[in-house]
Amino acid sequence: MAKTTKRGGGLAGAELQTQEMQAFQVLSPDGKVNEANLPELSDDQLRELMRRMVYTRVWDQRAVGLARQGRLGFYAPVSGQEASMIGSQFALEKEDFILPGYRDIPQLHFHGYPMYQGFLWSRGHQHGGQIPEDVNVLMPQIIIGAQYVQTSGVAMAFKRRGEKRIAITYTGDGGSSQGDFYEAMNFAGVFKLPAVFIVQNNRYAISTPVSKQTVAKTIAQKGLAAGIRSVQVDGMDVLAVYAAVKDARERALNGEPTLIETLCYRLGPHSMSGDDPTRYRIKDESPAYEENEPLIRFRKYLESKNLWTEEDENKVIEETKAAVAEAIKKADQYEKMTIPNLIDTVYETTPAHLEQQKQEYLAKEGK
Amino acid sequence: MATMTMVKAINDAMRIALQNDPNVMIFGEDVGKNGGVFRATDGLQAKFGVDRVMDTPLAESGIGGLAVGLGVQGFRPIAEMQFIGFIFEALDSIMVQAPRMRFRSGGRYNNPVTFRAPFGGGVKSPELHSDSLEGLLIQTPGIKVVCPSNPYDAKGLLLSSIKDNDPVFFLEHLKLYFSLKGEVPEDEYTVPIGKANVVREGTDVTIFTYGAMVHTSMKAAEIAEKDLNKKVEVVDLRTLSPLDVQTIVSSVEKTHRAIVVQEAQRTAGVAPELISVINENALLSLDAPVKRVTGFDTPLGHPLIEDEWIPNTKRIVNAIEEVCNF
């Protein structure tokens, strides 16, 4: 006969307590540096980080304007997430492979994906997805979380071939609710894969605040359930993000995957397709985030080191405006898609029934 | 009567359902405070509270499972899938768990869930926001598939779907949400599931269609009457599963010629099923093979080319001419 265990104080001891964690920070909001956490970066590298963040901000502002004029298709603004995006990509090597969500165009760009293709992707042109041969990224993912599970596959390929490269992926706070999110980390843990999983917690999944997304105190702690290393980083602090990803990359190469939650804030709307943040934002929360945004903080730090001037900033602004103008022109001039072309890109060899559909189209409607 | 858009008619149906039946609940991504990305649930959380109109975490599989569980407990959940391309994450609930609940329990349980999702192209939405996946759904035993083409039918059919004791997938064509207005009674009424509607009488050929293609087909019928002197009958299927065999057969027996128009890719969907129904029931009434006008067997994922991809009046008029001159 089975013994019944008396319930009592023992249960409390068996209750798992989440340990408090403190988001990793290098730069405080007023631009003061925590020397102990400072990553090794040359002055030129520091300046390059700033250049990229300003570039991304200006590009975003231009893209928002283009979207309003109807000159882009789907566009998800990035302002407020520059430190998280730029800092994380800066820690990668060219051979590392990025699996992005739809907002992660800046990381793709700095990994080699041309801006004009980003614009074509936004418009829904197939060439937007034709990643150049020497660029190690996938197309932006539309299905929330799908890129996470695929990351384990890409990472396993690198491990099997003995290559010193990692797979890195991005999702948001909303994406961390998908089953795919957990499954990906669990697989990476079980197979000891060279993978880094980033959650850019920008506080809102379209209209849903993170408080309605989960009652977990942090998203980072979700990695603990899968048994993988999990860290939380101040995502408004480009140096902290860089340092955390650099560290995670090294560990990933040794078979230790990491989940990194970057705490940031989406300053703009979810997308340019009719989203109105005033319908759902918590009142008066935005100004605090605006003051705390990544460019201000890093600019203060660089200025204190005499590494950044207004002149530098203006130069980048002009450089970006010119790059955007050129990219949009190139996108405008790119050849139009055709139905026969669509048909011929479904399979390696177009099967007879599709060939027939193509011929019928060409006979009756093709120009 | 009031004049309203289709999205307003859908909103109105859900408001009435929430009002009349305490077991009706609505949930999905951004449906609460934000009122849905197309405002289909606008104002419903404010009126009926957060316990009945809920924002869920971002997890379609979770939304599907929640609906199945509530349904088995006697609630009437209306689960919104934000876009049709997101249902793949929830297919276990939509294609297996909900539709098989009655069957697996030998009738002990049922699952009166209504899944709603916008689908279809023509508004330049990004990939996986504009697909037509009804072929997948109609192949699933145990779930009914409904697709209105106008505000009146949308409200009446949605109220029927919510009341139905079996699961229903309610497909809302994106292009129709705001593009046309119609007269809609303010009170409760229903349009029966499983009944097609002859929206244009004709004698020379019948077009069977649904969703946004009803409107393209109506325009093509007018062109054919003017340019080809052909009287085209147009049948709005309204329910894609189960099909209204009687209306389909009667029309073919009258016109002796048929065309099926669907926006979806060509292979294995509503069109081939409809042609099978005609073959089985009215083959000897036909004076010409049944023709189908469809999208191509590629994904519809590229807004820049969707106007060429989606069947247009020219393609339909060509088909009318071919079938009539056979």
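The values are calculated or read from the model by the stated rules, or taken from the named source; none is laboratory data. Fair warning: this is a prediction, and the values are worked out from it, not measured in the lab. For neighbour counting, all protein chains shown are included, and Cβ atoms are generated from backbone atoms with ideal geometry for every residue, glycine included. Surface accessibility is based on the protein's heavy atoms, side chains included, excluding ligands, DNA and RNA. Shrake-Rupley method; radii C 1.70, N 1.55, O 1.52, S 1.80 Å.
Observations, loosely collected:
- Test: residue in the range A:95-114 that is β-branched (Val, Ile, Thr) and either within 14 Å of chain B (Cβ to nearest Cβ) or within 23 Å of A:Thr218 (Cα to Cα) (or both): yes
- Residue count for the range A:266-303 under the criterion of being assigned to a loop (DSSP other than H, G, I, E, B) and more than 30 Å from B:Phe38 (Cα to Cα): the result is 2.
- Per-region count, the range A:304-363, residues in a helix (DSSP H, G or I), away from every other protein chain (no Cβ under 14 Å), free of Cβ contacts under 8 Å to residues at least 60 places away in the same chain and open to solvent by less than 80 Å² (accessible area, probe 1.4 Å): 3
- Candidates A:Gln45, A:Gln22 - the one that is more than 19 Å from the chain's Cα centre (by Cα) and assigned to a helix (DSSP H, G or I): A:Gln45
- Residues that are outside any strand (DSSP E or B), touching a residue at least 24 places away in the same chain (Cβ under 8 Å) and either β-branched (Val, Ile, Thr) or at the interface with chain A (Cβ under 9 Å from one of its Cβ atoms) (or both) within the range B:26-38 comprise B:Glu29, B:Asp30, B:Val31, B:Val37, B:Phe38, listed in sequence order.
- Being touching a residue at least 24 places away in the same chain (Cβ under 8 Å), part of a helix (DSSP H, G or I) and either surrounded by fewer than 24 Cβ atoms within 10 Å (Cβ to Cβ) or more than 14 Å from the chain's Cα centre (by Cα) (or both) is true of B:Ile223.
- Strands (runs of 3 or more DSSP E) wholly inside the range A:122-240 containing at least 2 residues that are surrounded by fewer than 24 Cβ atoms within 10 Å (Cβ to Cβ): A:229-234
- Residue in the range A:271-288 that is nearest to the other protein chains (Cβ to nearest Cβ), counting only those that are touching a residue at least 24 places away in the same chain (Cβ under 8 Å) and open to solvent by 60 Å² or more (accessible area, probe 1.4 Å): A:Arg279
- Residue among B:Asn11, B:Asn23 that is touching an Asp or Glu at 6+ places or on another chain (Cβ under 9 Å), more than 13 Å from chain A (Cβ to nearest Cβ) and modelled with pLDDT of 95 or more: B:Asn11
- Assessment of the range B:94-102 against the conditions (in contact with a helix residue (DSSP H, G or I) (Cβ under 8 Å, 6 or more places away or on another chain), of a type outside the set (A, V, I, L, M, F, W, C) and under 19 Å from B:Phe27 (Cβ atoms)) yields at least one matching residue.
- Leading residue by the ranking (farthest from the other protein chains (Cβ to nearest Cβ)) among those in the range B:75-99 that are buried (at least 17 other Cβ atoms within 10 Å of the Cβ) and among the charged types (D, E, K, R): B:Arg76
- All conditions but one from (1) open to solvent by less than 40 Å² (accessible area, probe 1.4 Å); (2) within 14 Å of another protein chain (Cβ to nearest Cβ); (3) in contact with a Phe, Trp or Tyr (Cβ under 8 Å, 6 or more places away or on another chain) apply to B:Met54; the one that does not is (1).
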